[in-house]
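We did not get these values from a lab; they are worked out from the coordinates using the rules stated. Here the structure is a predicted model, which is why all the values come from computation and not from measurement. All Cβ positions, even for glycine, are placed from backbone atoms using ideal geometry, and neighbour counts span all protein chains on display.
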Amino acid sequence: MEPVTLTGRIRVSVTTRTNPGGGGTATITSQLINTTGIGQDSGRRYRYIGADRTVVAWPPGPIIPLAVFPTFLEFYPPGPIVPPHPIQPVTVLTTVLADGSIDSISATVGRLIENPDN
């Protein structure tokens with residue numbers, strides 16, 4: 001296994017569905033776009049692909065950020081040199097308002113955020 005420094009983008013889309021009594025669910029899809037890396041030991045070039053879809057429920061009442069931790073596991077070319085799996089932690093935070101509209105979306109790479117309120 002060797003360290004691989006990645007460069008690229010992540011596309012995040014959120015689809016919400018509200019419940020009649022309040023709250024609802026959010027489908028959060030995270031997709032890697034044009035993400036490549038160079039192996040620090042081998043100099044080998046890798047192309048990372050993948051998408052993650054997570055469904056998160058939110059309760060009625062005060063809105064808090066919904067946190068998901070997408071996992072991207074595919075890389076090309078496969079071979080005897082295996083870069084780290086999974087890619088460094090990615091945290092996607094989405095704030096959904098009571099009516100199901102999206103207030104904010106953010107993605108952070110490399111720092112695992114377990115409680116977005118701290």
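Assorted remarks:
- Label-to-label distance, residue 103 versus residue 63, with points set 7 angstrom from Cα along the beta-carbon direction: 0.5 nm.
- Convex hull projection area averaged over all views, segment 27-77, Cα basis, nm²: 4.6
- Rg ratio for segment 1-60: its Cα radius of gyration over 2.2 N^0.38 Å, N being its residue count, equals 1.67.
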